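The structure under discussion appears below in the form of structure tokens.
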Amino acid sequence: MRSESTINKQTDLRYGRQHRAARRAFKTKLIAHGHLPCFRCGKPVYWNKPFHLDHLNNSDTLYGGVSHPVCNLKHQIHRSAKATLLISEVLSAPTMIDGVTGAT
């Protein structure tokens, strides 16, 4: 039985045919060279260890390269936290109503 995350990745357009082809291409390079630098931290990602194919920032279809799973996940968490903070700041900022500044 497949895990829920596997099923979600298959239905998520970011992980479709193009992503799988790019991942295979990077895996071929990884095997040929023995290791490649992590897109996030620069340390080696070895061919025989798990890796993520890391998206370029703000892109669902462009890839920066391979990354350690922990590096990629830390980046996602940081990005989500930053977005949450920004939304919270926008929602709590004073607004202008009929020329009067005040919280809504």
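Being of a type in the set (A, V, I, L, M) and surrounded by 15 or more Cβ atoms within 10 Å (Cβ to Cβ) is the filter; apply it to segment 27-43 and report the residue that is nearest to VAL70 (Cα to Cα).
First, pick out the residues of segment 27-43 that are of a type in the set (A, V, I, L, M): 30-32, 36.
Next cut, surrounded by 15 or more Cβ atoms within 10 Å (Cβ to Cβ) only: 30, 36.
Values: LEU30: 18, LEU36: 16 Å.
For segment 27-43, the residue satisfying everything is LEU36.
Per the listing ILE31, ILE87, ILE77, the residue uniquely in a helix (DSSP H, G or I), among the β-branched types (Val, Ile, Thr) and modelled with pLDDT under 70 is ILE87.
The values are calculated or read from the model by the stated rules, or taken from the named source; none is laboratory data. What you see is a predicted model; the values in this text were computed from it and never measured. Don't worry about glycine lacking a Cβ; one is built from the backbone with ideal geometry, like all the others, and counts go over all protein chains shown.
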